[in-house]
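To keep things clear, I will list the structure first and then write my remarks on it.
Only the coordinates and a few stated rules stand behind these numbers; no lab work does. The shown structure was predicted, so the numbers you read here are calculated from the model rather than taken from an experiment. FYI the Cβ positions are ideal-geometry reconstructions off the backbone, even for glycines, and counts take in every protein chain you see.
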Amino acid sequence: MNYEKYLKYKTKYLDLKEILDGGDDSAKSTSQYDDAKHKSILNRWRKYYFGPENNTILMRIGVMGSGKTSSVDSYIENNLKYNPEIFTLIDLDRIITTSGEMKDEHDWVNANEKIDGYQIVDTLIRESLAKKKTFSTESTGAWVCPSRKIITLANKIGYNTIAIMPFVPFYLLKERVTLRAQKEGRAVKLEELILNLERILTKINDIIPLADEFIIVHNVVDIGKPPKLMLNVKVDYSIKNGDNFKCCNWNSYDNEINYILKLLINNESKYKGEKEENVFRLEKKFITSLLSSNKRPNY
């Protein structure tokens, strides 16, 4: 290498070194420069763009229309302070509706069976874990076993798991599901929605203690606003031997819980027929159970 090339590459090296060292020191010598603020802002954006320090899988659990995609993305950005694009979503609905195998909007189940969409999702999850990707999954919560399997697989290879469940009362879900189905070209029967709600509201406690962090939010907010936090449960790794009562730290946000509880009670008349009335009872019981005054399970 001749001397000119040497100088060229040395200059590039010094420029890069200056960037990595924090830029031009001349700015730091001025009275306006605040080193603590600089580092704080830098670390905030490092977190936003780089994501969690440990490999993480984020599980979106909720019935159709509750906001598993849009509202959870908003929560990730505004509350967890991560770029939601980091958590690439493995989306079964998108896989099915874009497969070219749906004859019409009512043909989702047949199209899924034809291409075995569940197996595609399972394969993509396992490959993402093997490649140490940070990503997210979606589940209606109707079946607990698949979510438990994902958490177990993730834990085996050192992943952290975060689960977020958005909640919307059934009387509002009916409207949202109709609009979404029209947009996505998928028909959803209210019977299916009711069945999913009955299962998730009675089975979700089986999932809560398995994740490193479990978050329940409500999505009864103005358009463009992030969902409101109702419950945050984190595994307490400081647990002592013989302590059977503090495996998880439960934090309830009673103002938001009571807001939803009051909303349910005031709109009870919108639940029509025996099945919907049963959903109302389950929703009321579930939301009431989130209040801080309730005794927590001894997980």
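Once R0 is set to 45 Å, what does the formula 1/(1 + (r/R0)^6) return for the Cβ-Cβ distance between residue 127 and residue 266, expressed as a FRET efficiency to the nearest 0.05?
Values: r = 47 Å, r/R0 = 1.05.
Given R0 = 45 Å and the Cβ-Cβ separation, E is 0.40.
Rounded to the nearest 20 debye, what is the charge dipole size of region 54-289 about its Cα centre when +1 sits on each Lys and Arg Cβ and -1 on each Asp and Glu Cβ? Before the final figure, lay out the partial values.
Values: 33 positive and 32 negative charges, 91 e Å.
The dipole magnitude comes to about 440 debye.
Taking the number of other C-beta atoms within 10 Å as the exposure measure, put 40, 71, 66 in order starting with the fewest.
On the way: 40 10, 71 23, 66 29.
Result, fewest neighbours first: 40, 71, 66.
Could you give the length gained on full extension between residue 156 and residue 178, defined as 0.36 nm per residue of separation minus the Cα-Cα distance, in nm?
Values: separation 22, 0.36 × 22 = 7.92 nm, distance 3.98 nm.
Result: 3.9 nm gained on full extension.
Can you compute 3J(HN,Hα) from phi for each residue in region 131-148, using the Karplus curve 6.51 cos²θ - 1.76 cosθ + 1.60 with θ = phi - 60°, rounded to whole Hz and x for Gly and Pro?
Couplings: 8, 6, 7, 8, 7, 9, 10, 10, 8, 6, x, 5, 10, 7, 4, x, 5, 5 Hz.
Could you order the peptides 134-141, 286-293, 160-167 from most to least packed, using the average number of other C-beta atoms within 10 Å per residue?
Values: 134-141: 21.1, 286-293: 16.2, 160-167: 23.9.
Listed from highest to lowest mean packing, they are 160-167, 134-141, 286-293.
Among 282, 142, 238, whose Cα lies farthest out toward the positive end of the dipole of region 54-289, if unit charges sit on the beta carbon of Lys, Arg (+1) and Asp, Glu (-1)?
Toward the positive end, the furthest listed residue is 238.
Read phi for every residue in region 56-71 and hand back ³J(HN,Hα) as whole Hz from Karplus 6.51 cos²θ - 1.76 cosθ + 1.60, θ = phi - 60°, with x for Gly and Pro.
Each residue of region 56-71 in turn: 9, 10, 10, 9, 9, 10, x, 6, 4, x, 7, x, 4, 9, 5, 6 Hz.
At 0.36 nm per residue, and after removing the present C-alpha to C-alpha distance, how many nm does the segment from residue 49 to residue 142 gain when stretched out fully?
Values: separation 93, 0.36 × 93 = 33.48 nm, distance 3.29 nm.
This chain segment gains 30.2 nm when fully extended.
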